[in-house]
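Chemist: Sharing a structure, written as structure tokens. Questions coming.
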Amino acid sequence: MTSLVDPNIPYERDPHRFVDAASIPYVVLPPEGFKHAKLGDFATVVNLRNGNVSGAIVADESAPDLPMGEGSIALANDLHIDSDPRTGGVDRDVAYVIYPGTGNGKPRTLDEVATMSRQHFEMWGGLARLKACLR
């Protein structure tokens, strides 16, 4: 279950109410990440090891004591990272670019996430700006 839900589905236990981790690339931010970002905002995530880039949406909030860096199964697959929820993931070399104020507070389709995230990443400056930020 994600914190980002479809308000048009009133039954709180309906799986369709939540963002599907297997099909939608999304990120999970710690509470401090919500000083600027909001649920539903768009993001771009880059695997710095292999150069894979994925659009994403902010769909959940982690526990306060967990470090930033969680993502959905679909996000891991897009980035060619082991997506097993128990044993997968990586500890470093993944960069997040979040675009505050870009969402509408509702889940989005895969096409919307990919298109809107790509547009925001290009307007932000893309890989060239990210590389400059990481120097």
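Chemist: For the stretch 90-126, how many residues meet the condition of being among the acidic types (D, E), closer than 21 Å to I73 by Cα and surrounded by fewer than 14 Cβ atoms within 10 Å (Cβ to Cβ)? Write out each step before concluding.
Modeler: First, pick out the residues of the stretch 90-126 that are among the acidic types (D, E): 91, 93, 111-112, 122.
Pick out the ones that are also closer than 21 Å to I73 by Cα and you get 91, 93, 111-112.
Next, only the ones that are surrounded by fewer than 14 Cβ atoms within 10 Å (Cβ to Cβ) stay: 91, 93, 111.
Within the stretch 90-126, residues that are among the acidic types (D, E), closer than 21 Å to I73 by Cα and surrounded by fewer than 14 Cβ atoms within 10 Å (Cβ to Cβ) number 3.
Chemist: Select, from V90, V94, the only residue that is over 19 Å from T2 (Cβ atoms) and within 12 Å of the chain's Cα centre (by Cα). Write out each step before concluding.
Modeler: On the way: V90 fails: within 12 Å of the chain's Cα centre (by Cα).
Exactly one residue qualifies, and that residue is V94.
Chemist: While we're on this one: Regarding K131, is this residue surrounded by fewer than 13 Cβ atoms within 10 Å (Cβ to Cβ) and free of Cβ contacts under 8 Å to residues at least 24 places away in the same chain?
Modeler: Details: surrounded by fewer than 13 Cβ atoms within 10 Å (Cβ to Cβ): no; free of Cβ contacts under 8 Å to residues at least 24 places away in the same chain: yes.
Taking the combined requirement at face value, the residue does not satisfy it.
Chemist: Let me ask something additional. Restricting the search to the stretch 78-113, which residues are farther than 11 Å from I57 by Cα and among the small types (G, A, S)?
Modeler: Once the filter is applied, which keeps residues that are farther than 11 Å from I57 by Cα and among the small types (G, A, S), the stretch 78-113 yields S83, G88, G89, A95, G101.
Chemist: What are the residues in the stretch 105-121 that are free of Cβ contacts under 8 Å to residues at least 12 places away in the same chain and farther than 13 Å from P25 by Cβ, if any?
Modeler: Q119
Values in this text are rule-based calculations from the coordinates and carry no lab data. Nothing here was measured: the structure is a model prediction, and the numbers come from that model. Heads up, the Cβs are rebuilt from the backbone with ideal geometry, glycines too, and the neighbour counts pull from every protein chain shown.
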